[in-house]
1. So, in the range 39-82, how many residues would count as being closer than 26 Å to Ala210 by Cβ and over 19 Å from the mean Cα position of the chain (by Cα)?
2. So Thr127 passes all but one of these: (1) more than 30 Å from Gly18 (Cβ to Cβ); (2) among the β-branched types (Val, Ile, Thr); (3) in contact (Cβ under 8 Å) with a residue 12 or more places away in the chain. Which condition number does it fail?
3. So, Phe17, is that one of a type outside the set (Ser, Thr, Tyr), within 16 Å of the ligand (Cβ to nearest atom), under 13 Å from Val157 (Cα atoms) and buried (at least 24 other Cβ atoms within 10 Å of the Cβ) or not?
4. Only one of Asp381, Asp347 is among the acidic types (Asp, Glu), within 10 Å of the ligand (Cβ to nearest atom), part of a loop (DSSP other than H, G, I, E, B) and at negative phi. Can you tell me which?
5. Could you please let me know if Ala195 is out of contact with any His (no Cβ under 6 Å at 6 or more places or on another chain) and either within 30 Å of Phe246 (Cα to Cα) or more than 16 Å from the ligand (Cβ to nearest atom) (or both)?
6. Tell me the residue from Arg318, Arg288 that is in the same structural domain as Ala139 (by TED's automatic domain parsing), within 16 Å of the ligand (Cβ to nearest atom) and in contact with a Cys (Cβ under 8 Å, 6 or more places away or on another chain), please.
7. Could you say whether any residue in the range 45-54 is out of contact with any Ser or Thr (no Cβ under 7 Å at 6 or more places or on another chain) and among the basic types (Lys, Arg)?
8. Tell me, yes or no, whether the range 253-272 has at least one residue that is of a type outside the set (S, T, N, Q), within 17 Å of Ala46 (Cβ to Cβ) and either in contact with a helix residue (DSSP H, G or I) (Cβ under 6 Å, 6 or more places away or on another chain) or open to solvent by 70 Å² or more (accessible area, probe 1.4 Å) (or both).
Amino acid sequence: MLTTKTHDILIIGAGIFGITTALEMNRRGYQVAIFDPGPLPHPLAASTDISKMIRMEYGSDEAYTALAEQAHKGWLQWNEDLGDELFHDVGVAMLTRAPMAPGDFEYESYHLLLKRGHTPERISAQTISQRFPAWKPGAYVDGFFHAQGGYAESGRVVATLVRRAEAEGVTLYPEHKVETLLEEDHHVRGVRTSAGGIFHAEQVVVTSGAWTALLVPELAPVLKVTGHPIFHLKPADPALFTAPDFAVFAADSSRTGWYGFPLHPREQVIKIANHGVGQVLHPERDKRVVTERDVEKLRAFLAEALPELYDAPLVATRRCLYVDTPDGDFWIDHHPQRAGLTVATGDSGHGFKFAPVLGGLIADAIEGKPNPWLPRFRWRDFSAQHVQKEASRYQG
Ligand SMILES: Cc1cc2nc3c(=O)[nH]c(=O)nc-3n(C[C@H](O)[C@H](O)[C@H](O)COP(=O)(O)OP(=O)(O)OC[C@H]3O[C@@H](n4cnc5c(N)ncnc54)[C@H](O)[C@@H]3O)c2cc1C
C-alpha cells in the first residue's frame with residue numbers, strides 16, 4: 001500500500017484535455033498531479049496520432065468557428081513557445097462533388113469565413129486539377145482552399161506538453177491507473193489507484209476520454225464511445241502528395257466522411273480517415289480492428305478520387321475512439337450532485353484542434369469562472385430525439 005499524498009488538483013488522464021488543463025491550473029498557482037495508466041502519451045489515447053486536422057470550418061456554426069480562430073492563433077504561438085513546428089499551417093481544401101449550395105457544410109463554411117474577414121479561395125474542377133494534380137480530374141467540381149489551417153502532429157504535441165508540464169512543476173504519475181474516486185457526503189476528495197495509492201485533493205478532474213464513463217458511470221447514457229478507422233498509405237510518388245501540391249482535405253466530408261493529410265514529414269505516409277458514424281465499442285473489452293470491409297471502402301474512395309493512391313501499400317491501420325455526446329458538443333462542467341468533481345470530455349471526434357484554448361476553458365470550468373463557451377458544454381439533459389450536429393461529420 002503506497003503512502004497518502006495531497007495535491008490541490010488531481011487530473012485523471014493525460015491526453016490533450018488533461019495535459020492542457022494540468023499546465024493551465026499549474027500556471028494559475030495550483031499544485032497539480034496528473035495520472036495515466038500508460039507511458040505518456042498513451043498509445044491507445046485518441047490524442048496519440050501522427051496528425052490531426054486543424055480547421056476553422058464549422059458550417060454556419062459561428063461559435064465553433066470563433067473558438068477555432070482563437071485556437072489557430074494559439075497553434076502559431078505554440079510553434080514559437082514550444083520551439084518546434086508541431087503545427088503545419090499548410091491550408092485546408094474543402095472539396096465537393098456537386099456545386100456548393102446553401103445549407104451545405106462547405107457552402108456555409110465558405111460564406112461564414114468571408115463574413116468573418118477570412119480569404120478562402122473558391123476552387124473549381126479546373127483549379128483543383130491545376131493546383132492539386134493528385135485528384136482525379138472532374139471528380140470534384142467546387143469547394144474552396146483556406147490557407148489558414150492544416151495539421152498538428154498530435155502525439156508529439158502531447159509529448160512536448162508533458163515535458164513542459166513536468167518542467168513547470170506538475171507532478172506526473174505515468175503508469176498509474178485511477179481505479180476509484182474517493183467520496184464522502186457527495187464530495188469527491190481524492191482517488192485510489194489500481195496499485196492502491198491514495199491521493200487527496202480539493203478538486204478532481206476526469207479527463208479520461210473514452211474511459212470516462214468507467215469512472216463516472218452516470219454519464220454512460222450520454223457518452224457513446226465509437227471507433228473510427230485510420231489508414232496510413234505509402235505513395236509511389238511522394239512529391240504528388242506533398243504540400244503545397246496536396247493540402248489537408250475534406251472530400252465532401254459531410255456526405256462521405258473522407259478526409260486526409262499531405263505526406264507526413266517524418267513518417268513519409270499519407271494518412272486518410274473517415275469522420276463518420278463509427279462503430280460503438282467498449283474502451284477496454286472490445287478489440288479495435290480495421291476490417292477488410294473498411295479497407296474496401298477506402299479503396300473505393302481512392303479509385304474515384306485519388307487514383308494514384310488506389311493500390312498504394314497500407315503500412316498501418318488503427319481504430320481510434322471518439323467520445324460522442326448526443327449533440328456533438330464537448331462535455332466540460334462540474335458534476336451537479338458530486339462536489340469537488342469536474343468532467344471534461346465528449347470530444348465527439350473534433351476536440352484536438354482546440355488544444356491551445358482547451359486548458360483555459362477547462363480551468364475556468366474548474367474555478368467556476370465565466371467563459372463565453374462553457375454554457376454550450378455544460379452538464380445537460382437530452383430529449384430522446386437529439387441529433388449530432390457537428391457540420392463536417394457524415395451522419396450515415
Ligand atoms: C480517428 C480519430 C481522428 C480524429 N481526428 C481529429 C482531427 O483531425 N482534428 C481534431 O480536432 N480532433 C480529431 N479527433 C478528436 C481528438 O483526437 C480528441 O478530441 C482528443 O484527442 C480527445 O482527447 P482526450 O484527452 O479527451 O482523450 P484521450 O487522448 O483519449 O486521453 C484520455 C487519457 O485518459 C487516460 N485514462 C483513461 N482511463 C484512466 C484512468 N482510469 N486513470 C488514469 N488515466 C486514464 C488514457 O490512458 C488516455 O491517455 C480525432 C479522434 C479520432 C479517434
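The values are calculated or read from the model by the stated rules, or taken from the named source; none is laboratory data. Fair warning: this is a prediction, and the values are worked out from it, not measured in the lab. Reconstructed Cβ throughout: ideal geometry from the backbone, glycine too, with neighbour counts over all protein chains shown. Heavy atoms of the whole protein, side chains included, go into the accessibility calculation; ligands, DNA and RNA do not. Shrake-Rupley method; radii C 1.70, N 1.55, O 1.52, S 1.80 Å.
1. 1
2. Unmet for Thr127, out of (1) more than 30 Å from Gly18 (Cβ to Cβ); (2) among the β-branched types (Val, Ile, Thr); (3) in contact (Cβ under 8 Å) with a residue 12 or more places away in the chain: (3).
3. So Phe17 fits the description; yes.
4. Criteria check complete, one pass: Asp347.
5. Details: out of contact with any His (no Cβ under 6 Å at 6 or more places or on another chain): yes; either within 30 Å of Phe246 (Cα to Cα) or more than 16 Å from the ligand (Cβ to nearest atom) (or both): no.
Spelling it out, it is not the case that Ala195 is out of contact with any His (no Cβ under 6 Å at 6 or more places or on another chain) and either within 30 Å of Phe246 (Cα to Cα) or more than 16 Å from the ligand (Cβ to nearest atom) (or both).
6. Details: Arg318 fails: in contact with a Cys (Cβ under 8 Å, 6 or more places away or on another chain).
Every option except Arg288 fails the conditions.
7. Within the range 45-54, not a single residue is out of contact with any Ser or Thr (no Cβ under 7 Å at 6 or more places or on another chain) and among the basic types (Lys, Arg).
8. Yes, that holds for at least one residue.
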